[in-house]
Each structure stands twice: as structure tokens, then as C-alpha cells.
Amino acid sequence: MRYKYIFWDFNGTVIDDVRNALACVNDLLERKNRKPITLSDYYNYVETPIIGFYRHILPPEELDFNEISKAFHEDYARHLDETRLADGVYELLHTLKDKGVYQYIVTANQIDEVTDLLKKFDIHHCFDCVLGADNALAESKIERAKSFFDTLKIDPNEAIFIGDTLHDLETANALGIDCVLVEYGHQGKKLLSEHNAFSVASVRDLERIIFDERVVDFHTHSTCSDGTMTPSELVLYAEKRGLSAFALTDHDSVDGIKEAMAQAEKCNIEFIPGIEFSAAENTETHIIGLFIDPENEVLLNTIQKLKDSRRRRMEDICRKLQKLGLDITHDEALTIAGGNFVGRAHIAKLMVEKGYCKTIKECFDKYIGLGKPAYSEKNELTAAEAVKSIRAAGGLAFLAHLNQTGYDIEKTEELLLTLKEAGLNGIEGYYPEYDENHISSYRALAEKLSLALSGGSDFHGSMKPHIEIGVGKGDLRIPYFIYENLKNIHKND
């Protein structure tokens, strides 16, 4: 099965104790002669660190957290008999254990408290380790989980975090692993949905996700831009490679969507119409559009504007290459491209054929990449305009391959905030060129800004022979539940 390592949050995930916690809070408020809060209040107030929760219900002079923690744990002990396992968890834990899956608990609770409950519910033998706190302050569990994760040298593609709060998502992001949150826990469906986190209503839904082997790819190219497979060939190839869903996202073009869609209807694969806009910014900025209407007038007008601009830009690159002593013409590149779309990759292929470079990557690194001597700036469409055009076409918009911007995390956040104001829905959280730091940093930023995750291989066929559809360089796997989340977001958009 896909996941060999499962990290579980405890309270609100393995055990269903939300109403117990609410009772403890109201016990405290009653002793202070204050009005009780409702379950709805509880969901609205819960945050991490948990001291933030009490700032909503107590005045500053009463925020002695040591006293609050001591009282909560005493009250919780009194309500312990009311605590129960979440429905279906017992069976799921034992099934996973029987299948040889390593399971760990990551909790802000003290280890001895958790261990006692695990024994009480006869699930202690299902877990290989309990990562609990050494005090009662319910502090962040990120560093504890990260240290343990790094010690075991776990492959992030083989691990998933199951929790119930945004802090659990934050922890998963720090580990660079997939995350599913349950809606019956301590923050509830409303808040999780507002942050575009993927959540499920029940353990049965959770079990379906864990055992789901399907994979998807939301970033591919055909001969209608700079790929080497026709749209129909690409659909057939995606099906052959075992994808359950994929998007065609040609550069500044929707010419291949109708053909791809018709072919997909004959195959056992779900197709998402998409596009990748190249934007005019201070750095390499591309915007992916998914679920677009390819006949939308605003979108088509934007594409036509870019087609005219692209030809001028590619001709300018060829002129610069000629000044550098390389015999490269736009007409030759157009022939390589099949007489339609010319992109830098076609120019690079021509350069390789003429022996000026050994690989397409070398062409970009030495001549036509951002900041190189034959690079030509984009000047027609800003990233915000690209986002607005995608949104006008009924699509969801994502900032692609964030690493290629060359921005540090602070500058990346500034860009995302600007684009979010224009309607940006998310980022590519999965991409072949990301290292572990990229993955954790970008996903953490997405959680912070309530942005959804997309991703893809950026498959171009033989134009990028080191990149395979669905798996990138071999270690990319985008689970089907990411697609489910995007469909839900699009449906409710």
C-alpha cells in the first residue's frame, strides 16, 4: 500500500473527546462564575498554542496557564469515563497493524496519560511509538515530530499525518508529508474548509483515503505548446502510466483541450481542462489554471494577446542568439515546433541539434534562461491579470513551480498575497524540482495563507526526457484526494 508510516494525532482524532474538553472548559468557567460556552464557540476559539483559546474566554489577569492546565487535566480525569474511541478507529488501527504499517502518535498530551488510554481501549500494541509531551502545557508538537521523523529517515512519499486541527496540518507540512484532517475533532469542518484543508467526515472516509492507490497529475504539455505528444497521445499515455486523472496545461493555449477531452471520454481516465500562463513579472512567474472553460471570451482574448507577444519575444531571443554567434532563426524553430507554437524549449532543441549545447537544460542555463544573455522579458500579461483571466473562465488559479521564481520565502509570501487579492486559489505543493525544504516551506506558506495545494510533473514528453508523467523524476506521487479537494473547492467556488 502507498503509506507505510502513519502519524496520528490523539485527542479529537483517535479518541472522540471534543465534548469532554468542552465540559472541562465550562467546569472552569463555572468556578469563575462565568457563562458557559457552546460547542460552536469552542470550534471558533480553538487554536494552537492552546493558550490562545483561553484568551477568548478569560480576561488577561486570569490567564495563568499553569493554573489553567492543572485545572483542565484534573477536570479531564473526572470526565475520563465519558471518553471514547472515534467510531471505526479500533478496527482501522488493527487492520493497519496487520498490514505491517508503522503507526505513531504525535500529541501535545503527556505520554503517561495517552499510554493509559491506549491500554484502556486495547490499542496500545497498534502503535510503535508515542511522541507525547513531558509537561501539561499542550505545547507545539512540530519539533518533537520533526526530530523523530528525521531520525528514522522516512521517505516522505510513504508517510501521512492524520489529525483534526490546523496545527496537525502545520506539523505535516513541517515533515513534508500528506495530511488528512477529520471533521469530528477539535476544530470542525467550517474552519478546516475555510483554510482549504482536505478533511473527511468519518473514519470510514479516512480508511478509503489511506488505502486509495490512485494518483493524478495537474501539469502536462502537448504539441499544442512545447510538448512532443499530441493531446490524444497524451491522454492515452497518461492512462497507460496508470493515472486516474490529469490536466492538460499547455502554455498560453487551449487548442488541445477539445481533442484531449474527446479522447478521455473513450478512456478510463478523468480529464481536467487547463492552461499555463507565462506572466510578465520581475522573475519567472507562471500561473496554472484548472477546470477552465476553454471557450470563455475573456480567456480567449488573453490568449490571443499572448500569442502575438510570444512571437515577438521568440524572435527577439533568436536575434540575441545570432548576435552571440549562434545561427538560430525563428523560422527554423517554427519548423521544429510543427508550424504552430514556438517556445524557448523549441529554440533550445534547435540549439542542441546544431551542436551549440549538449542538452536543453544547458541551453537555458547558458543562454535563454532568466537573466541569461539571450533571455527576453515578458511584457504583456502580469501574474495578477493571468489569475483574473483564469477566474473569469470559471477556473481555479495556482502559482506554478515556486522554486523557479528565485524568491526567498518572505518575497514568495508577498507575491502570493498580491495574487490572492486577484483571486489565486493555491500553489503547486507537489513538483519534481522541489527538495525537502521547498516542500515544507511552500506547504507551510499555503496553510498560513489558506491556499489549496495542486501539483504536477510538468511533463513535456521527449522535450524533457528526465521527467515522466505522474512521477516526475521518479519520486513524485500526488494522491487522488488532492483532486477530490480541488473538485470540492471548484464546486463551492
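The values are calculated or read from the model by the stated rules, or taken from the named source; none is laboratory data. Remember, predicted model here, so these are calculated numbers, not experimental data. Every residue, glycine among them, receives a Cβ derived from its backbone with ideal geometry; neighbour counts consider all protein chains shown. These area figures cover heavy atoms from the full protein model, side chains too; ligands, DNA and RNA do not enter into them. Shrake-Rupley method; radii C 1.70, N 1.55, O 1.52, S 1.80 Å.
Once the Cα atoms of helix 344-353 and of the chain are each reduced to a long axis, what angle between those two axes, in degrees from 0 to 90 to the nearest 10, is obtained?
Computed tilt is about 60 degrees.
If you count only protein heavy atoms and use a 1.4 Å probe, how large is the accessible surface of HIS466, to the nearest 10 Å²?
Solvent-accessible area, nearest 10 Å²: 110 Å².
What spacing in nm lies between the two simple spin-label points modelled at ASN282 and GLU353, each 7 Å away from Cα in the Cβ direction?
3.9 nm
Which pairs, out of LYS349/LYS378; LYS141/LYS487; LYS32/LYS448; LYS372/LYS464; LYS4/LYS266; LYS358/LYS464, put more than 25 Å between their alpha-carbon atoms?
On the way: LYS349/LYS378 21 Å; LYS141/LYS487 31 Å; LYS32/LYS448 35 Å; LYS372/LYS464 20 Å; LYS4/LYS266 35 Å; LYS358/LYS464 13 Å.
Pairs exceeding the cut-off: LYS141/LYS487; LYS32/LYS448; LYS4/LYS266.
Accessible area per residue, 1.4 Å probe, Å², for the chain: what's the number? Write down the numbers at each step before the final one.
Details: 21020 Å² over 493 residues.
For the chain, the per-residue accessible area is 43 Å².
Starting from the amide H of THR285, placed 1.01 Å from N in the peptide plane, find each other amide H under 5 Å away whose residue is 5 or more places distant or on another chain.
For THR285, the qualifying residues are ALA279.
Residue by residue, what Karplus-based ³J(HN,Hα) values in Hz, rounded to whole numbers, does region 321-335 have, using 6.51, -1.76 and 1.60 with θ = phi - 60° and x for Gly and Pro?
Karplus-based 3J(HN,Hα) across region 321-335 equals 5, 4, 5, 8, x, 9, 7, 10, 10, 5, 5, 5, 5, 5, 5 Hz.
Between ILE111 and GLU143, what is the label-point separation in nm under the 7 Å Cα-to-beta-carbon projection?
1.7 nm
Which sequence of TYR237, TYR104, TYR90 reflects their accessible areas, 1.4 Å probe, from the largest down?
On the way: TYR237 50, TYR104 10, TYR90 80 Å².
Solvent-accessible surface, decreasing: TYR90, TYR237, TYR104.
Pairing the Cα long axis of helix 480-492 with the longest principal axis of the chain, what angle in degrees results, from 0 to 90 and rounded to the nearest 10?
The two axes meet at around 90 degrees.
Can you figure out the FRET efficiency of ALA71 with ASP155, using R₀ = 45 Å and their beta-carbon distance, to the nearest 0.05? All intermediate terms of the calculation are to be shown ahead of the outcome.
Working: r = 43 Å, r/R0 = 0.95.
Result of the calculation: an efficiency of 0.60.
Taking Cα centroids, how far is region 170-249 from region 411-465 in Å?
Each part's Cα centre sits 14 Å from the other's.
On the full set of protein chains, 1.4 Å probe, figure out the accessible area of LEU417 and give it in Å² to the nearest 10.
In the full protein context, LEU417 sits at about 80 Å².
For the chain, with all protein chains present and a 1.4 Å probe, just round the carbon and sulfur fraction of the accessible area to a whole percent. Walk me through the numbers before you get to the answer.
Values: 10060 of 21020 Å².
Ligands and nucleic acids excluded, carbon and sulfur reach 48 percent.
How would LEU449, LEU63 line up by accessible area, probe 1.4 Å, largest first? List each step's numbers first, then the result.
Details: LEU449 15, LEU63 50 Å².
Largest accessible area first, the residues go LEU63, LEU449.
Specify the angular offset, from 0 to 90 degrees and rounded to the nearest 10, of the alpha carbon long axis of helix 18-31 from the longest principal axis of the alpha carbons in the chain.
50 degrees
Given the rule -39500 (n - 2.57) for each run of at least 4 DSSP H residues, summed and divided by the residues of the chain, what is its mean residue ellipticity at 222 nm, to the nearest 500 deg cm²/dmol?
Working: 20 runs with 214 residues, N = 493.
Computed ellipticity for the chain at 222 nm equals -13000 deg cm²/dmol.
Do the alpha carbons of any pairs in LYS146/LYS420; LYS35/LYS189; LYS354/LYS473; LYS146/LYS189; LYS361/LYS473; LYS99/LYS240 sit beyond 18 Å of each other, and which pairs? Present the calculation step by step, with values, prior to reporting the outcome.
On the way: LYS146/LYS420 30 Å; LYS35/LYS189 25 Å; LYS354/LYS473 27 Å; LYS146/LYS189 27 Å; LYS361/LYS473 15 Å; LYS99/LYS240 28 Å.
From LYS146/LYS420; LYS35/LYS189; LYS354/LYS473; LYS146/LYS189; LYS361/LYS473; LYS99/LYS240, over 18 Å: LYS146/LYS420; LYS35/LYS189; LYS354/LYS473; LYS146/LYS189; LYS99/LYS240.
Ignoring ligands and nucleic acids, what accessible area does LYS141 show with a 1.4 Å probe (Å², nearest 10)?
Probe radius 1.4 Å; accessible area of LYS141 about 10 Å².
Taking θ as phi - 60°, what are the ³J(HN,Hα) couplings along region 165-173 by the Karplus curve (6.51, -1.76, 1.60), each to the nearest whole Hz, with x for Gly and Pro?
10, 5, 5, 5, 4, 4, 5, 4, 5
What ranking of PHE211, PHE127 comes out by heavy-atom accessible area, probe 1.4 Å, highest first?
Values: PHE211 60, PHE127 20 Å².
Greatest to least solvent exposure: PHE211, PHE127.
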